[in-house]
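In what follows, a single structure is set out as C-alpha cells and then discussed.
Derivation of every value follows stated rules applied to the coordinates shown; laboratory data play no part. Note that the structure is a prediction, hence the values are computed from the model and not measured. In this analysis, Cβ positions are derived from the backbone assuming ideal geometry, glycine residues included, and neighbour counts consider all displayed protein chains.
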Amino acid sequence: MGKPIYILENGVPDADDRIRPWLMVNAISALHKTVEEGHDIRGYFHWTLTDNFEWTEGWRLRFGLVALDPATQGRTMRDSGRLYSAIRRANGISSEIAEKFCSPSAQPKRQL
C-alpha cells in the first residue's frame, strides 16, 4: 500500500475489564510487528478514555479505560487504564506484560 496508517478506534465494550487488557496488549503487539515489517504506522488511539454515550446503545456499552458514572460524573480507573499507562510509560510492552497477556493461556475464556 505504501500509505501511512492510523488506528483511530480500537477497543471493546467490557465493563468487567475481563477482555480489554488482553485485547489491548495483543493489538499493540501486532502493531509493533507490523512496524517491524516496514509498514508506516503513525498512530494508535484506544477507544476510549472514558465510558461514553453510544447513539444506539446509550450508556450500556462500557468502552472506557476509565469507568464513568453518568449520574454523578464520577470516574474510576479500570485495571486496563493502569495497564495502558504502564505501556505508555515503558514506551512499549515489557516482557512481564507480554508474558501475562500474550500467551495462549492468557486469552479470555468465552462466558456462556
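For region 33-105, applying the loop criterion from DSSP together with a ceiling of 14 other beta carbons within 10 Å to the trypsin sites (Lys or Arg not before Pro) yields 60.
Evaluating 6.51 cos²θ - 1.76 cosθ + 1.60 at θ = phi - 60° for every residue in region 47-63, the Karplus couplings come out as 9, 8, 4, 10, 3, 9, 7, 9, 4, 8, 10, x, 8, 4, 8, 10, 8 Hz, glycine and proline recorded as x. Of all DSSP bridge pairs formed entirely within the chain, close to 45 percent run antiparallel. Each Cα pair under 8 Å and six or more residues apart adds its sequence gap; the mean of these over the residue count of the chain is a relative contact order of 29 percent.
Against the set (i) 14.3; (ii) 13.7; (iii) 15.2, the structure's computed Kirkwood radius over Cα pairs in Å falls on (iii). For residue 8 and residue 33 in one chain, what is 0.36 nm times their gap in residues minus the Cα-Cα distance, to one decimal in nm? Stretched out fully, the residue 8 to residue 33 stretch lengthens by 7.2 nm. On the basis of the beta-carbon distance and an R0 of 25 Å, residue 44 and residue 73 show a calculated FRET efficiency of 0.35. For each of 44, 6, count neighbouring Cβ atoms within 10 Å of the residue's Cβ, then give the residues from fewest to most. The order, fewest Cβ neighbours first, is 6, 44. All other residues with a Cβ under 14 Å from the Cβ of residue 53 taken together, and with Lys, Arg as +1 and Asp, Glu as -1, what is their net charge? So the surrounding residues net to -2. Between 0 and 90 degrees, the angle of helix 79-90 with respect to the longest Cα principal axis of the chain falls at about 30 degrees. Of the GluC sites (Glu not before Pro) found in region 1-110, those in coil by DSSP whose Cβ has at most 14 other Cβ atoms within 10 Å are 37, 57. Projecting the Cα positions of 83, 32, 22 onto the charge dipole of region 5-104 (unit charges on Cβ atoms of Lys, Arg, Asp and Glu, taken about the Cα centre) puts 83 furthest along the positive direction. The long axis of helix 20-36 is offset from the longest Cα principal axis of the chain by roughly 20 degrees.
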